[in-house]
Amino acid sequence: MTTPAEAPLEAPDIPYVDPERFLGQRRRGRRNAWVASVSTVVVFAVLVVGITSTPGWSQVQETFFNWDAAVATWPVVIRAFVLNIKIFLVAEFFILILALLVALARGLQGPVFLPVRILATVYVDFFRGVPTILVILLLGFGVPALHLSGVTNSPLVWGTVALIVSYTAYVAEVYRAGIESVHPSQRAAARSLGLSSLQATRYVVLPQAIRRVIPPLLNDFIALQKETALVSLLGPVEVLRAAQIDAASNFNYTPYVVAALLFVAITLPLTRLTDWLQRRATSRRSAAGMP
Amino acid sequence: MSYLTVHDVHKAFEGVPVLRGVSLAVDLHEAVALVGASGSGKSTLLRCIDGLVGVDAGTIRIGGADGLDVTAHDIDLDEVRQQVGLVFQQYNLFPHMSVLQNITLAPRKVLGLSRAMAEGRARDLLARFGLADKADDYPDRLSGGQQQRVAIVRALALQPQLMLLDEVTSALDPQLVGEVLDVIKELKESGMTIVMATHEMTFAREVADRVCFLSGGVVVEEAEAHRFFDEPQDPRTREFLARVRAWA
Ligand SMILES: Nc1ncnc2c1ncn2[C@@H]1O[C@H](COP(=O)(O)OP(=O)(O)OP(=O)(O)O)[C@@H](O)[C@H]1O
Ligand SMILES: [Mg+2]
């Protein structure tokens, strides 16, 4: 509680709000919410009615949205989906580490490191240009064809390696953009305090760079999560392949829809998280008066 | 022998000469002000002394006769930087670290102090400069003057022998300049050797023992502070001072 004597001191801190305007804003806010709900309901109703009243709908419903088929396929598809998640987790783990090393290699200063810089640059340029699907086919069918002794022929392993090789190139570029966005004066300040170049990178540059690239990194996570399905081209029974087998044996495409929903279910939280982080970063920057 | 000796230093950027034979000697516990027009090379000279910028020719020695030659090819610059503290115009605090972490980073990673030891020292320094309650704040929560004082404390935490101050008040709002100048005055009184680039002529006169005027890439005039301002010898110095006074 404030004593009456203190009250006038605090008064200027409370912005004055015209009661008329305040109520007007409230009314407008409520009307906006109402318009938004009505228009949403109308648009969706039109869509549903429009699609379900097409001549082919009952046929489509039978082959794509068949509840019994969905229930029957569920155990197979969900078990196969676990393999996608495993591929994703293993690949992402290596990508995050290798991409950072590639990004750091590209930023090495000094003539001694020229070969390293060239190698890293060529690697990134090459694999950013080649479609992931080609890398998967080349590694998945190419390496076993070499008949190397002591090297696995597992399509699962080579498919995952292909994802790692391909995505490391993308993620390295994300890291590099983050590293370059940290102002050189930060490094100069660290160096002037006696930190070595490596220490300046480790304690001053990287923590700031990584914070800034978390949203784009999550975007690449989401893309990678979907592309695990490409490994099916090499034969491993991940979710797409399982759905395909099931669909072919029952002449029903519902398993594809189930597989699709599983991908959405797992990427949706990541997507929302990315949006939220991006919005937060933007509002922080504008609060700090930065562009 | 002087604590810091700069001898005939040359430095060009992309063929454009900035320093064309600068010489300067600074004794232990002495404060020298570097003045000169914008672009005259004050920052460049300070960065050369700290080894952030390599010189094209000339020598820079720190610590007297058996000290370090900053310009030698095999010099360990990290060793130089432990003896020399550099404070920038734009503070350059690390935004992802609290005030305490900013200050303890170098003592822990460079000097190898334990966290407790480093934090103890940092808190003592913060208290000395009236920042005790800011230890756990992040830089973006501080005013410009507070950030600059933290930057000075951060440099002091390595217990340097020489402090290089590069226009540490010129990014500040006028009402915040005083608090930072007070810190520098205290440093000077505690016996720190200081080389400071500054536009604050009144302050230079008050705190510096000597003033050094850079123009055209050389030291045009160097004199005790009161003589520099009251009886400037070189016509270029007089012109510079007249312009600065017209401004103020
Ligand atoms: N890294 C660099 N690359 C190229 N040119 C540079 C670099 N650093 C400084 N210069 C140039 O050197 C000249 C001197 O710059 P310096 O910052 O040393 O001047 P200053 O006396 O500190 O000026 P101010 O009072 O504006 O801070 C300027 O013309 C500047 O453009
Ligand atoms: Mg400058």
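The values are calculated or read from the model by the stated rules, or taken from the named source; none is laboratory data. Owing to the predicted nature of the structure, the values given are computational and were not obtained by experimental measurement. Because the Cβ atoms are built from the backbone with ideal geometry, glycine has one as well, and the counts that use them run over all protein chains shown. SASA here: full protein model, heavy atoms, side chains in, ligands and nucleic acids out. Shrake-Rupley method; radii C 1.70, N 1.55, O 1.52, S 1.80 Å.
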Seminar exercise, completed: Within the range B:87-100, residues of a type outside the set (S, T, Y) and more than 10 Å from chain A (Cβ to nearest Cβ) come out as B:V99, B:L100
Exercise. Which one of the conditions (1) in contact with a Ser or Thr (Cβ under 7 Å, 6 or more places away or on another chain); (2) more than 16 Å from ligand 2 (Cβ to nearest atom) does B:L68 fail to meet, given that it meets all the rest?
Worked result: (1)
Problem set entry | Every residue from the range B:101-122 that is more than 10 Å from every other protein chain (Cβ to nearest Cβ) and open to solvent by 10 Å² or more (accessible area, probe 1.4 Å) | B:G112, B:L113, B:S114, B:R115, B:A116, B:M117, B:E119, B:G120, B:R121
For this session: Name every residue in the range A:54-86 that is within 19 Å of A:S249 (Cβ to Cβ) and among the basic types (K, R), in order of residue number.
Result: A:R79
Exercise. Hey, among the residues in the range B:21-49 that are more than 16 Å from ligand 2 (Cβ to nearest atom), among the small types (G, A, S) and in contact (Cβ under 8 Å) with a residue 40 or more places away in the chain, which one's most open to solvent (accessible area, probe 1.4 Å)?
Worked result: B:S23
Problem set entry | Subset of the range B:82-117 (residues that are under 26 Å from A:A209 (Cα atoms), among the small types (G, A, S) and part of a helix (DSSP H, G or I)) | B:A106
For this session: Would you confirm whether any residue within the range B:141-152 is within 12 Å of the chain's Cα centre (by Cα) and polar (S, T, N, Q)?
Result: no
Problem set entry | Filter result for B:F94 (open to solvent by 10 Å² or more (accessible area, probe 1.4 Å), of a type in the set (F, W, Y) and either within 16 Å of ligand 2 (Cβ to nearest atom) or out of contact with any His (no Cβ under 8 Å at 6 or more places or on another chain) (or both)) | no
Exercise. What number goes with the only condition from (1) more than 11 Å from ligand 1 (Cβ to nearest atom); (2) within 14 Å of chain A (Cβ to nearest Cβ); (3) open to solvent by 10 Å² or more (accessible area, probe 1.4 Å); (4) not in a helix (DSSP H, G or I) that B:H10 does not pass?
Worked result: (2)
Exercise. Going through the range B:130-144 one residue at a time, which ones are assigned to a helix (DSSP H, G or I) and either aromatic (F, W, Y) or farther than 11 Å from B:N102 by Cβ (or both)?
Worked result: B:A132, B:D133, B:D140, B:R141, B:G144
Exercise. Out of all the residues in the range B:40-67, which are closer than 23 Å to B:H199 by Cα, outside any loop (DSSP other than H, G, I, E, B) and more than 9 Å from ligand 1 (Cβ to nearest atom)?
Worked result: B:C48, B:I49
Problem set entry | Which listed residue, of A:A188, A:A243, A:A209, is in contact (Cβ under 8 Å) with a residue 24 or more places away in the chain and within 14 Å of another protein chain (Cβ to nearest Cβ) | A:A209
Exercise. So, of the residues in the range B:145-168 that are within 16 Å of ligand 1 (Cβ to nearest atom) and surrounded by fewer than 24 Cβ atoms within 10 Å (Cβ to Cβ), which turns out to be nearest to the other protein chains (Cβ to nearest Cβ)?
Worked result: B:D166
For this session: Test each condition in (1) open to solvent by less than 60 Å² (accessible area, probe 1.4 Å); (2) under 23 Å from B:R47 (Cα atoms); (3) among the hydrophobic types (A, V, I, L, M, F, W, C) for A:L198 and report the one that comes out false.
Result: (1)
Seminar exercise, completed: Scanning the range A:68-100 for residues that are under 24 Å from the mean Cα position of the chain (by Cα) and free of Cβ contacts under 8 Å to residues at least 40 places away in the same chain gives A:V82, A:K86, A:L89, A:F93, A:I97
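Listed here are the residues, each with its yes/no results for (1) modelled with pLDDT of 85 or more; (2) open to solvent by 30 Å² or more (accessible area, probe 1.4 Å); (3) within 13 Å of the chain's Cα centre (by Cα).
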position	(1), (2), (3)
A:Q186	yes, no, no
A:P207	yes, yes, no
A:P215	yes, no, yes
A:L224	yes, no, yes
A:A243	no, no, no
A:T271	no, yes, yes
A:R279	no, yes, no
A:S283	no, yes, no
Exercise. When you go through (1) touching a residue at least 40 places away in the same chain (Cβ under 8 Å); (2) touching a Gly at 6+ places or on another chain (Cβ under 9 Å); (3) of a type in the set (A, V, I, L, M, F, W, C) one by one for B:V153, which number turns out not to apply?
Worked result: (2)
Seminar exercise, completed: The lone condition B:R210 fails out of (1) touching a Cys at 6+ places or on another chain (Cβ under 9 Å); (2) away from ligand 1 (no atom under 16 Å from the Cβ); (3) open to solvent by 10 Å² or more (accessible area, probe 1.4 Å) is (1)
Exercise. B:E79 fails exactly one of the following numbered conditions: (1) in contact with a Lys or Arg (Cβ under 7 Å, 6 or more places away or on another chain); (2) within 18 Å of B:Q161 (Cα to Cα); (3) more than 14 Å from ligand 2 (Cβ to nearest atom). What is the number of that condition?
Worked result: (1)
Exercise. Out of curiosity, is B:V18 within 16 Å of ligand 2 (Cβ to nearest atom), over 17 Å from the mean Cα position of the chain (by Cα) and surrounded by 17 or more Cβ atoms within 10 Å (Cβ to Cβ)?
Worked result: yes
For this session: Hey, can you tell me all the residues within the range B:68-86 that are more than 9 Å from chain A (Cβ to nearest Cβ), open to solvent by less than 50 Å² (accessible area, probe 1.4 Å) and under 24 Å from B:I152 (Cα atoms)?
Result: B:L68, B:V70
